[in-house]
1. Sorted by mean Cβ packing within 10 Å, highest first, what order do the peptides A:202-208, B:320-326, B:273-279 take?
2. Calculate the length of the line joining the C-alpha centroid of the stretch B:300-361 to that of the stretch A:96-118, in whole Å.
3. Please compute the average number of Cβ atoms from other chains found within 10 Å of each residue's Cβ in peptide B:346-356.
4. 222 nm [θ] for chain A, helices only, -39500 (n - 2.57) per DSSP H run of 4+, per residue, to 500?
5. Please compute, for peptide B:176-183, the average count of beta-carbon atoms on other protein chains lying within 10 Å of each residue's beta-carbon.
6. Compute the orientation-averaged projected area for the stretch A:212-320 from the convex hull of its Cα atoms and round it to one decimal in nm².
7. Would you work out the relative contact order for the stretch B:71-341, in percent, from Cα pairs under 8 angstrom that are 6 or more residues apart?
8. State whether chain B is rounded, prolate or oblate according to the following rule on the C-alpha gyration tensor (a ≥ b ≥ c being the square roots of its eigenvalues): a/c under 1.5 gives rounded; otherwise a/b larger than b/c gives prolate, and the remaining case gives oblate.
């Protein structure tokens, strides 16, 4: 039970922060299929800056470098997201095609630059930055409580960071003036314009926030699941986050529920396969658990689902 | 600010070429491709290589232009056939995306539907001893039916439970990927290649190593179907009642309902057709281009086809050309990479750039219209047509 909570949380929270990024973009009216690309590029940028700063040698300074990686992955994600924002807002591109293109470009560019940087640093064109696993900590005292204590045991350092960022982003989206504008941009951009707001600017910032949060989620995946940055980061987490945010009806609270469901079902599946001593082939069958569960739950809960009204539409001032 | 409005001959030339609205559906994508090739050339120049040689090597690698030398029993035709072999599934997959898009649905699950169709056809016909004359049509039918069934399921879930088709598709992608991986690993695994057992040659839609005029080549029979099916889709969408209903549902659900069109039925039909086309893509990929399935891997064809479809303006004939372009680049990238010493990822970057500039087609159209209004000799009545088609809610 404890391992399910621990590893479930470690998977669910990065996914959640990526999904919040998606919510920011989509609530502002910009369809975001590019989460996958953002998280990959963000993680690449974070990992690459750490590699360049340390010259490829991480020994002994993992924790400060981990924080550096977090910051740079957010910067990298935000910078790369500008491309999506530029295409979708001033260049009026189709947002779906832009998203797909961003994903293709991110995979190609990161693979190319990774091997180039590695050639310079280690002299071999490998496609991998070995980062190691993020350090963990246990809260003394509380962790002794049965079941609940597991939430405070062996926590990756990124977990509290993500929680703080998520709370802050929730506050911004629902309680601040900017958040109100942002949500209005997704439902009725003309009203925002009439009230003196700048639709393009709000949407641009929203997409950049989306990139920054995805980058943060991406580097957390790189520091936990794979312990490295490699093309294997493009394992569809971005699409999973999109599924989670649609499941959560474009609201942050229910999306957290969806992400926790994914995380715990995934961890439970692994645990089940392990305890039953199943071969790797059978564990594949158990791996479908989170996805089947999602589909079944959606059958009951999605009748009231509604996308932001202006989602995917290019804002045209003159249109009625 | 607007430099285009200065009347120099170059600008005038660009405006006359791009300004004609009747030709814009062709001229703007071509212009975008030109821009992207220039951008790609700059990338290659930055790497210190000659872009012209690189572009030629794409064409040489995909069998459009002759290479300087060939291995025994190989020639330009062999390369061309191999490129067509790769092109075939891409066409079907992009058509699948296009049909769903016309109904306002976004089929991101093409890869999953391809996998199901390929797997079902492999285990039923691929591992049987049926003669080619029966096996090949059967493979196609199984592909159509399986893909269509999955598509219809997605459409039905959307209609009955209001589950967003994007979520269903993504979930089903994962489910199929894992379940099929389980069956392959348990029953059909080839211990050497770590893939499923190769299918019988009779069931494979590509004839492999056929000796023709002293050459050995692969003949993709599936390609014979692509052009008729592209025209069939065009006919369905533009000339039939079903197609008309699909399009109206995509344009405005409420209006469609008011006009007495069964919206739910149209969505299921559209997804079923889309899935069936994806199924064809699946069998031509897994029982044509390849002859086995790699467990736990979803092909990227299904995702690339979204971009290919939109590059082709979601028009069946446009898709034929856009998928050709992308196939040439991905097929030629091996050869380009080997003779130029450029990493193969650059080909992906160029593909990305082409799609990137094509995505800006609406913007180019808008700027051209704007420039023509300000242009002394231009027509004044051209409105800024900035509304993009095919924008979808995800």
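Bear in mind that the values in this text are calculations on the coordinates, not laboratory data. Quantities reported herein were computed from a predicted structural model and do not represent experimental measurements. Please note: Cβ atoms are built from the backbone with ideal geometry, for glycine as well, and neighbour counts cover all protein chains shown.
1. In decreasing order of mean packing, A:202-208, B:320-326, B:273-279 become B:273-279, A:202-208, B:320-326.
2. Comparing the Cα centres of the stretch B:300-361 and the stretch A:96-118, I get a distance of 14 Å.
3. 5
4. -23000 deg cm²/dmol
5. 5
6. 9.9 nm²
7. In percent, rounded to a whole number, it is 40.
8. Here chain B falls in the oblate category.
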